[in-house]
1. Whether any residue in the stretch 170-190 is closer than 15 Å to V128 by Cβ, buried (at least 19 other Cβ atoms within 10 Å of the Cβ) and within 16 Å of ligand 2 (Cβ to nearest atom) is what I want to check.
2. Taking the stretch 125-146, which residues are of a type in the set (A, V, I, L, M), surrounded by fewer than 19 Cβ atoms within 10 Å (Cβ to Cβ) and assigned to a loop (DSSP other than H, G, I, E, B)?
3. Please verify whether V209 is within 29 Å of K22 (Cα to Cα), within 16 Å of ligand 1 (Cβ to nearest atom) and within 11 Å of the chain's Cα centre (by Cα), treating the condition exactly as stated.
4. So in the stretch 10-36, with the set limited to residues that are near ligand 1 (Cβ under 10 Å from one of its atoms) and touching a residue at least 60 places away in the same chain (Cβ under 8 Å), which one is surrounded by the fewest Cβ atoms within 10 Å (Cβ to Cβ)?
5. With respect to A94, determine if the residue is more than 16 Å from ligand 1 (Cβ to nearest atom), at pLDDT below 95, surrounded by 16 or more Cβ atoms within 10 Å (Cβ to Cβ) and within 18 Å of the chain's Cα centre (by Cα).
Amino acid sequence: MLEIENLGKRYGRDENERWALKNVQLTVEAGEFISIIGRSGSGKSTLLNLIAGLLKPTIGEIYFQGNAILNLNDKDASQLRNTKIGYVMQGYGALDHLTVLENLCLPFWLFPRKGEPRKRAEQLLKQVGLLEYADTYPTKLSGGELKRVAIARALMNEPALLLADEPTGDLDESNTKNILALFRDIADQGTSVLMVTHEMDALSYGDKVYRMEAGQLIK
Ligand SMILES: Nc1ncnc2c1ncn2[C@@H]1O[C@H](COP(=O)(O)OP(=O)(O)O)[C@@H](O)[C@H]1O
Ligand SMILES: [Mg+2]
């Protein structure tokens, strides 16, 4: 469902130029849970931002469900992102003036679509162990709780592809296990999961593990 061919990203120019990603090849099947492990600075977030369409590559192609997505105009690219992709970005990203439940529902209000967002939001909050915080404001939550809000929010649109950037970095052991089991579960239901991490213990849940080293992806 996702094919990446010879993807490369260069930052800077002239003597400052630096390839953050080089010659990346990757295929992700529907329902596959792939983990990428790599040190800080190895290019993991750059790869996910390219797939999410938030960055443009210097070279290479990305095919999503058979379509070359790099040629899409901004409107179609954001449509794809809003309907087919869930992205747990590095950081938290909750809006402080909305409750946890409202944070989850917001994309549904901005881009109306089928379904009952409140019900789905409550179900997801239950799955990440935060239902009791539905009406709480993000400023009252810990880092780990905010991360779980971000994970629930990324799953709201029932994405075909979930991108997760170090999703368990702020979580304790029991929440880490719960989130990885949730990812395993949604992969078993057909969502492809692409998770990057620098934590070894996150790796046992995936179908395949790659290593990112200085911008190169190694099986
Ligand atoms: N906007 C940017 N401008 C210049 N260099 C960047 C930018 N974003 C990331 N980099 C560099 O690209 C490399 C890869 O970064 P990143 O993808 O964030 O790695 P990771 O997520 O594995 O920590 C790093 O050397 C980083 O400093
Ligand atoms: Mg990163």
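1. Scanning the stretch 170-190 turns up no residue that is closer than 15 Å to V128 by Cβ, buried (at least 19 other Cβ atoms within 10 Å of the Cβ) and within 16 Å of ligand 2 (Cβ to nearest atom).
2. A134, L141
3. In short, no.
4. Ranking the qualifying residues of the stretch 10-36, first place goes to W19.
5. Judged against the criteria, A94 is a match.
The values are calculated or read from the model by the stated rules, or taken from the named source; none is laboratory data. The structure displayed is predicted, hence computed values, not measured ones. Neighbour counts run over all protein chains shown; Cβ positions are idealised from the backbone, glycine included.
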